[in-house]
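Comments concern the structure below.
Nothing in this text is a laboratory measurement; each read-out follows from the coordinates by a stated rule. Given the structure is predicted, the values throughout are model-derived calculations rather than measurements. All Cβ positions, even for glycine, are placed from backbone atoms using ideal geometry, and neighbour counts span all protein chains on display.
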Amino acid sequence: MRAINISNIKARNAQVGFEQKGIRPTVTMQRKDGMGYTNARFLKATPATSIEVLYDKFGENLADEIINGDPEIDLEMVGMRLGKVKKVFLDNKGKVAYRVLRQQVRYSPEGEEMEVKKFHTTESNVNIDFPLRWTGKLIPKDKAVRTFAFVRKYQLKHINGLTFDFLYDMAKMLDEKNCMMLVGAGSKGIGPLVMSTGGTPYRAFLEGRVKDDKYCLLLHLTNLELKSLINNSNV
């Protein structure tokens, strides 16, 4: 379980655990005979049958070669069922590239290269010296679900008795108000959250639920705001 540094409404912080909570689909897909199915990956092509390699080999006659034969299909490899796969970078010759230097290139509308700079990688900011802070901005739950598209959800968990009380009090306050609290990262506590290095920045909202001596504290992430297609001023 990963650790996250978070503060409460009183600006007191602690490191607690968190884990992603997936949403199990309620609808299952079946075949016509009622049996289930499993997803599988199959090999579609090989580097030797790529258009670039074939063009270097046949040149302007490539179209005729494809019509008259099947040079773009490796009959022994295509259709092979794949197991676990890993992503690799290739050079311009189709070979595996090592020690890749990633760059960010900006082009003009005409396709001309305008700027080349080092690719910027966002750093995780959920377990550093600056804890996630409550911004003081509360939003009702029913309004939040109509305003934002939440794409990820994490559950915060206590790691000892002290952090249980810490998180329980947070969840209880939010549950009583029936609201979600916007939290921020960084030295000022107003920046977006980056859950992992190279990840996407998200706005984050805390939701709390309590029942007797049990609690559930959820961190909802969003980078999409829903906009109405109807101008309410004209309704």
- Task: Could you check which residue among Ile139, Ile51, Ile190 shows the biggest mean-square fluctuation in a GNM of the chain with a 10 Å Cα cutoff?
- Result: Ile51
- Message: For a quick check: sort Asp212, Asp142 by the number of other beta carbons within 10 angstrom, fewest at the front.
- Response: Asp212, Asp142
- Query: Running Debye on region 142-188 with equal point scatterers at the Cα sites and no solvent, what base-10 log of I(q)/I(0) appears at q = 0.25 Å⁻¹?
  - Reply: -1.12
- Expressed in angstrom and rounded, the centroid-to-centroid distance over alpha carbons for region 157-182 and region 198-224 is 11
- Compactness index (Cα Rg / 2.2 N^0.38 Å), region 59-104: 1.70
- Query: Where the only charges are on Cβ atoms (+1 Lys, Arg; -1 Asp, Glu), what is the dipole of the chain about its Cα centre, to the nearest 20 debye?
  - Reply: 1400
- Message: Bins of 5 Å, beginning at zero and ending with the bin holding the largest distance: percent of Cα pairs per bin for region 55-190, please.
- Response: 2, 6, 7, 10, 11, 9, 9, 10, 9, 7, 7, 6, 4, 3, 1
- Among Pro192, Pro109, Pro131, whose mean-square fluctuation peaks in a Gaussian network model of the chain (Cα, cutoff 10 Å)? Pro109
- Message: Can you give the FRET efficiency to the nearest 0.05 for Glu110 and Leu226, using r as the Cβ-Cβ distance and R₀ = 30 Å?
- Response: 0.25
- Nitroxide proxy distance, nm - points 7 Å out along Cα→Cβ at Ile190 and Lys84: 4.5
- Message: Give me Rg/Rg_expected for region 22-119, where Rg uses Cα atoms only and Rg_expected = 2.2 N^0.38 Å with N residues.
- Response: 1.65
- Degrees, to the nearest 10: 161-177 long Cα axis against longest axis of the chain: 90
- What distance in nm separates the simple spin-label points at Leu43 and Arg99, each placed 7 Å from Cα in the Cβ direction? 3.1
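Would you mind ranking Arg41, Arg81 by Cβ crowding within 10 Å, fewest neighbours first?
The order, fewest Cβ neighbours first, is Arg81, Arg41.
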- Message: Bins of 10 Å, beginning at zero and ending with the bin holding the largest distance: percent of Cα pairs per bin for region 13-61, please.
- Response: 15, 19, 16, 19, 21, 8, 2
- Item | Within a Gaussian network of the chain (alpha carbon springs, distance under 10 Å), most fluctuating of Asn223, Asn127, Asn92 | Asn92
- When averaged across all projection directions, what area in nm² does the alpha-carbon convex hull of the chain cover? 24.0
- Message: Quick check of the Kirkwood formula: for region 118-235, what is the inverse mean of 1/r over all pairs of different Cα atoms, in Å?
- Response: 15.6
- Convert each backbone phi in region 42-52 into a coupling constant with the Karplus relation 6.51 cos²θ - 1.76 cosθ + 1.60 (shift: θ = phi - 60°), then list the ³J(HN,Hα) values in order as whole Hz, x for Gly and Pro. 10, 6, 8, 7, 10, x, 5, 10, 6, 4, 4
- Item | Cross-link table Lys57/Lys84; Lys157/Lys177; Lys188/Lys211; Lys118/Lys188; Lys86/Lys153, entries beyond 23 Å C-alpha to C-alpha | Lys57/Lys84; Lys188/Lys211; Lys118/Lys188; Lys86/Lys153
